[in-house]
Amino acid sequence: MKATVFLGGGRITGALAAGLRLAGDRRRIVVYDRNPEKLRALRKESRIEIAPDLKFAVANAAVLIIAVRPASVKEMLGEVGVCGAAPPSLCVSLAAGIPFRNLRRWLGAPVRWVRAMPSPVCRIGRGLTPVCFDRGVANSDRVRVRKLFALVGPVIDLPESQMDAITATHSPTHGYHALANLAEAAQRAGLNRQAALIAAAHALSDGIAYWRESELELAELLQEAATPGGIAAATIAALDQAGYARVISKGLAAGIAQAHRNAKK
């Protein structure tokens, strides 16, 4: 029986494998990586099968998922091309910023490409996965890819031109960063560390949960919460005056620029 094969046993492979097992998925998962410690940890956590070599991994793939760092994709695809086994017709790249034109050129084999950017939060079944499909990907393969990633969270289809922007936007790092900074500011304002973390976590998660469940527009919620003369209104006004929106825009621009640099490697 053919398998879902990952080339690369890093963090995102671990998160996807764990999320698939959490969802009750029992498909055969094969992972190829040069680091035996990573592979042993993955096998213990998610019951993956360790590929003894690259040829075995490629030969056993129903779908081949490229899960190495962007700087390593060209080398990996070059090795796939000469490993002695034909790659499957469907390949998925998880490499941020690497466009279809590079993937097609670097592998050369007549395969159909998909790009996907799963969030590490897929480990708990709640990670968003943006996907885009290269020309010629059949509808049946599109459905197959969406169903795979839907097991570990929501899936959103986008054109390739928007993949860099959503990659920079949907990372859970934004939440970690906001949580850390809000909690640190609360500690400086007088809260103990535990109370500061609890308060900051609720500020972020409760607001997002209510926005999702209420189906209200963000502008309505901001107006509702920021009562003139109130603490929330003063806090938000100060953040805006300090350039909060400008800082966020600069951060996203830097992430998108890095994706563009990845494409040129």
Checklist line | Charge dipole (debye, nearest 20) of segment 165-265; +1 at Cβ of Lys and Arg, -1 at Cβ of Asp and Glu | finding: 820 debye
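Please give the length that would be gained between residue 27 and residue 188 if that part of the chain were fully extended, namely 0.36 nm times their separation in residues minus their C-alpha to C-alpha distance (nm, one decimal).
Values: separation 161, 0.36 × 161 = 57.96 nm, distance 4.96 nm.
Here the segment from residue 27 to residue 188 would lengthen by 53.0 nm.
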Checklist line | Rounded to the nearest 20 debye, dipole of segment 216-265 from Cβ charges on Lys, Arg, Asp, Glu | finding: 700 debye
Next item on the list: Looking at the chain, send over the antiparallel percent of its DSSP beta bridges, to the nearest 5.
Entry: 10 percent
Check: Using a Gaussian network for the chain with springs between C-alpha atoms less than 10 Å apart, which of these wobbles most: 78, 207, 251?
Finding: 207
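Using 0.36 nm per residue, how much length does the chain from residue 72 to residue 109 gain when fully extended, once their Cα-Cα distance is taken away?
11.5 nm
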Margin query: Can you give me the distance in nm between label points at residue 147 and residue 85, each placed 7 Å from the Cα along the Cα-to-Cβ direction?
Written below: 2.3 nm
Checklist line | Unit charges at the beta carbon, dipole of the chain: most positive-side option, 223, 24, 176 | finding: 24
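Fewest first, what order do 205, 161 take by the number of other Cβ atoms within 10 Å? Don't skip to the answer; put the middle values down first.
Details: 205 12, 161 9.
Least crowded to most crowded, the residues run 161, 205.
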Notebook entry, point to check: For residue 202 and residue 241, what does the FRET efficiency come to when R0 = 30 Å and r is the distance between their Cβ atoms, rounded to the nearest 0.05?
Noted result: 0.75
Next item on the list: Determine ³J(HN,Hα), in whole Hz, for all residues of segment 198-211 in sequence, where each value follows from phi through the Karplus function 6.51 cos²θ - 1.76 cosθ + 1.60 and θ = phi - 60°; x replaces Gly and Pro.
Entry: 4, 4, 5, 4, 5, 4, 7, 6, 5, x, 5, 4, 5, 4
Notebook entry, point to check: Which of (1) -0.44, -0.85; (2) -0.40, -0.81; (3) -0.49, -0.86 is the computed log10 I(q)/I(0) by the Debye sum over Cα atoms at q = 0.08, 0.12 Å⁻¹ for the structure on display?
Noted result: (2)
Notebook entry, point to check: Separation of segment 163-196 and segment 95-132 by C-alpha centroid, Å?
Noted result: 27 Å
Note to self: Check which residues have an amide H placed less than 5 Å from residue 155's amide H, if you skip close sequence neighbours.
What the structure shows: 129
Note to self: Under 5 Å between amide hydrogens, which residues at least 5 positions from residue 61 or on another chain qualify, with H placed 1.01 Å from N in the peptide plane?
What the structure shows: 3
Next item on the list: Describe numerically, in nm with one decimal, the distance between label points set 7 Å from Cα along Cα→Cβ at residue 178 and at residue 37.
Entry: 3.5 nm
Next item on the list: Per residue of segment 66-80, in order, report the coupling 6.51 cos²θ - 1.76 cosθ + 1.60 (Karplus, θ = phi - 60°) as ³J(HN,Hα) in whole Hz, putting x for Gly and Pro.
Entry: 8, 10, 9, 5, x, 5, 9, 5, 4, 5, 4, 5, x, 5, 4
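Within a Cβ distance under 11 Å of residue 172, other residues only, what is the Lys/Arg minus Asp/Glu net charge? Don't jump to the answer; show the numbers that get you there.
Numbers: positive: 123, 126; negative: none.
Residues close to residue 172 contribute a combined charge of +2.
Can you give the FRET efficiency for residue 232 and residue 126, using 1/(1 + (r/R0)^6), R0 = 30 Å, r = Cβ-Cβ distance, to the nearest 0.05? It would help to have the intermediate numbers written out before the result.
Working: r = 27 Å, r/R0 = 0.92.
Calculated value: 0.65.
How large is the dipole of the chain about the Cα centre if only Lys and Arg carry +1 and Asp and Glu carry -1, each at its Cβ, rounded to the nearest 20 debye?
On the way: 35 positive and 21 negative charges, 276 e Å.
So the dipole magnitude of the chain works out to roughly 1320 debye.
Please compute the net charge surrounding residue 143, taking Lys and Arg as +1 and Asp and Glu as -1 over other residues with Cβ under 14 Å from its Cβ.
Value of the local net charge: +3.
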Check: If you build a Gaussian network model of the chain, linking Cα atoms that sit under 10 Å apart, which residue out of 226, 150, 253 swings the most?
Finding: 226
Check: Considering amide H positions built from the backbone, and no H for Pro or chain starts, which residues 5 or more places from residue 112, or on another chain, come under 5 Å of its amide H?
Finding: 90, 91
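Just so you know, all these numbers are worked out from the coordinates, no wet-lab data involved. Keep in mind that what you see is a predicted model, and the values were worked out from it rather than measured. Every residue, glycine as well, gets a Cβ built from its backbone with ideal geometry; the counts of neighbours run over all protein chains shown.
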